[in-house]
Amino acid sequence: MNTQIPTIFAVSSGSAPAAIGVIRLSGPRALDALCLLAGRGFEPRRASLAKLRSKTGDLLDEALVLSFPGPASATGEDCAELHCHGGRAVLSAVCDELAAMDGLRHAEEGEFTRRAFANGRMDLAEAEGLADLLEAETEMQRAAAVANANGLLSGKVDGWRDAVLRLSAQIEAALDFSDEDDVGDKVGAMPEGFTWNIAELITELSVFLESPRSEKLKEGFRVVLAGPPNSGKSTLFNALTESEAAITSAIAGTTRDVIERSVGIMGVPFTLIDTAGLRDQAAEEIEAIGIERARGEFAKADIVLWLGNAGEGPPNCWEVAARCDASDFEAKPAARHIVSAVSGEGVVSLKAALVEEARRALPKPGEAAINTRQSSRLTEAYEALKAAHGQSDFLLVGEELRRARLAFDRLIGRATTEEMLDALFGRFCIGK
């Protein structure tokens, strides 16, 4: 046991007050600290009721406690959990007592997870999945994050890496054979099955690289509401977000700027954008700026709901006939949806259509989804494998296969940098 490593602790159950407050400990003195607080030792991985006392003998709390000797623990170190009453004063008193013990200190953001990574309890892709899980706000975000946190992506990468190792072994064997035969160069027919196997691996990576990115799940499917003034954009925006985020008025040009809201609809993440009414002659300078920004949103949108005259919206927009409850409503023959945000007519079917479209564009629940960093590493492996496939020199093929293995290692954290780790684990809360 390395007693030079500090033992860390933190409240990991969220903000007090609450019914229960969980304090986690990890490090070489975690179990000693538990014994000092409770006055006795405990059977590993078995919940026990204990009275926690200060060093002067004052009762701090009666708590449910657990001990997890390493390395079979969440962090790979000795760990303990104190399930206390969740009042602020209780948690503060117990934490103050822990802080006064030699070798113990408060944990930093993400430090428990970082220790788990350092001790081989999870790899980098799993840690990124866990970070996404903690930030998940919709069912689709949760499902994708759980898949990666539980090693779905890591398992795929390990399989690809093993395949590259087998290909490398074939090339090494071919090199050894050429040396024994005293061949002057390292060029020759590829080993049996090599060309077919590497081509299959390249195809598999190519398909995976074309899949939607996990960032899309965080940003949400981007839907822009657009049209001329008083076409019902803001009222529909409020109906879709189920809020009063946008000011609605019969006065033309009420919406002057882009209004953006993130919302979950049927478990699918969306970013909805209300925009200024579009017209050729703006009433004044501020409205003109709003119109320019509105047009700028079209390029970033996954779908534009066009509430103006048919055919006047941007390419590939959805024609929507809004305000169908109004006395001056005019039918829109090309309308994909006819809605009234006031009466609710057509709003449910519009939401369902948006959800169906978003599900096709976003990563599928339960499938591994990659972020930009992971995509970059996979692209490096893909390019190296393509280069290997086009070579006939065994030495050059071997070098490209080594590059592919290194890219896979960097993806799951066998080779990485401290700066990147700092950025990742900084996303975690204290206590995780």
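The values are calculated or read from the model by the stated rules, or taken from the named source; none is laboratory data. Keep in mind it's a predicted model, so treat the numbers as computed, not measured. When we count neighbours, we look across all protein chains shown, and the Cβ atoms used for this are built from the backbone with ideal geometry, even at glycine. These area figures cover heavy atoms from the full protein model, side chains too; ligands, DNA and RNA do not enter into them. Shrake-Rupley method; radii C 1.70, N 1.55, O 1.52, S 1.80 Å.
Out of Ser154, Ser168, Ser178, one residue alone is modelled with pLDDT under 90, open to solvent by less than 60 Å² (accessible area, probe 1.4 Å) and under 24 Å from Arg377 (Cβ atoms). It is Ser168. Evaluated against (1) open to solvent by 40 Å² or more (accessible area, probe 1.4 Å); (2) over 30 Å from Leu133 (Cβ atoms); (3) at pLDDT 90 or above, Asp162 falls short on exactly one condition, (2).
If you check Glu62, Glu77, Glu81 for being in contact with a Pro (Cβ under 8 Å, 6 or more places away or on another chain) and either under 18 Å from Ile5 (Cβ atoms) or open to solvent by 40 Å² or more (accessible area, probe 1.4 Å) (or both), only one passes: Glu77. Every condition in (1) open to solvent by 30 Å² or more (accessible area, probe 1.4 Å); (2) among the small types (Gly, Ala, Ser); (3) closer than 21 Å to Asp123 by Cβ is met by Ser375 except one, and the failing one is (1). Scanning the range 333-353 for residues that are in a loop (DSSP other than H, G, I, E, B) and polar (S, T, N, Q) returns Ser340, Ser343.
When the residues of the range 287-321 are filtered to those that are in contact with a Phe, Trp or Tyr (Cβ under 8 Å, 6 or more places away or on another chain) and of a type in the set (Gly, Ala, Ser), which remaining residue is farthest from Val355 (Cα to Cα)? Within the range 287-321, the match that is farthest from Val355 (Cα to Cα) is Gly313. Counting only residues that are more than 30 Å from Asn309 (Cβ to Cβ), of a type in the set (A, V, I, L, M) and either modelled with pLDDT under 85 or open to solvent by 10 Å² or more (accessible area, probe 1.4 Å) (or both), the range 202-240 holds 4 of them. Entry remark, the range 354-394: residues being outside any helix (DSSP H, G or I) and touching a residue at least 60 places away in the same chain (Cβ under 8 Å) number 11 in total.
Restricting attention to the range 24-52, the residues that are surrounded by 21 or more Cβ atoms within 10 Å (Cβ to Cβ) and more than 18 Å from Ile8 (Cβ to Cβ) total 1. Being touching a helix residue (DSSP H, G or I) at 6+ places or on another chain (Cβ under 6 Å) and under 26 Å from Pro17 (Cα atoms) is not true of Ser48.
Show the residue pairs that are 6+ apart or on different chains and have beta-carbon atoms under 6 Å apart, the first residue being within the range 296-307 and part of a strand (DSSP E or B), the second being buried (at least 19 other Cβ atoms within 10 Å of the Cβ) and among the acidic types (Asp, Glu). The qualifying pairs are Trp306/Glu319. Across the range 104-150, the number of residues qualifying as touching a residue at least 24 places away in the same chain (Cβ under 8 Å), assigned to a loop (DSSP other than H, G, I, E, B) and over 16 Å from Thr75 (Cα atoms) comes to 2. On the stretch given as the range 96-130, residues that are open to solvent by 40 Å² or more (accessible area, probe 1.4 Å), acidic (Asp, Glu) and modelled with pLDDT of 90 or more total 3. Tell me, please, whether a residue that is modelled with pLDDT under 80, surrounded by 15 or more Cβ atoms within 10 Å (Cβ to Cβ) and in a helix (DSSP H, G or I) can be found in the range 406-420. Scanning the range 406-420, I find no residue that is modelled with pLDDT under 80, surrounded by 15 or more Cβ atoms within 10 Å (Cβ to Cβ) and in a helix (DSSP H, G or I), so the answer is no. Of all residues in the range 276-317, those satisfying the criterion of being in contact with a strand residue (DSSP E or B) (Cβ under 9 Å, 6 or more places away or on another chain) and either charged (D, E, K, R) or modelled with pLDDT under 75 (or both) are Arg295, Glu297, Lys300, Asp302, Glu312. Quick one: is Val348 modelled with pLDDT of 90 or more and open to solvent by 50 Å² or more (accessible area, probe 1.4 Å)? Yes; evaluated as a whole, the condition is true for this residue. If you scan the range 314-345, which residues turn out to be surrounded by 13 or more Cβ atoms within 10 Å (Cβ to Cβ) and of a type in the set (A, V, I, L, M)? Correct list: Val320, Ala321, Ala322, Ala335, Ile338, Val339, Ala341, Val342.
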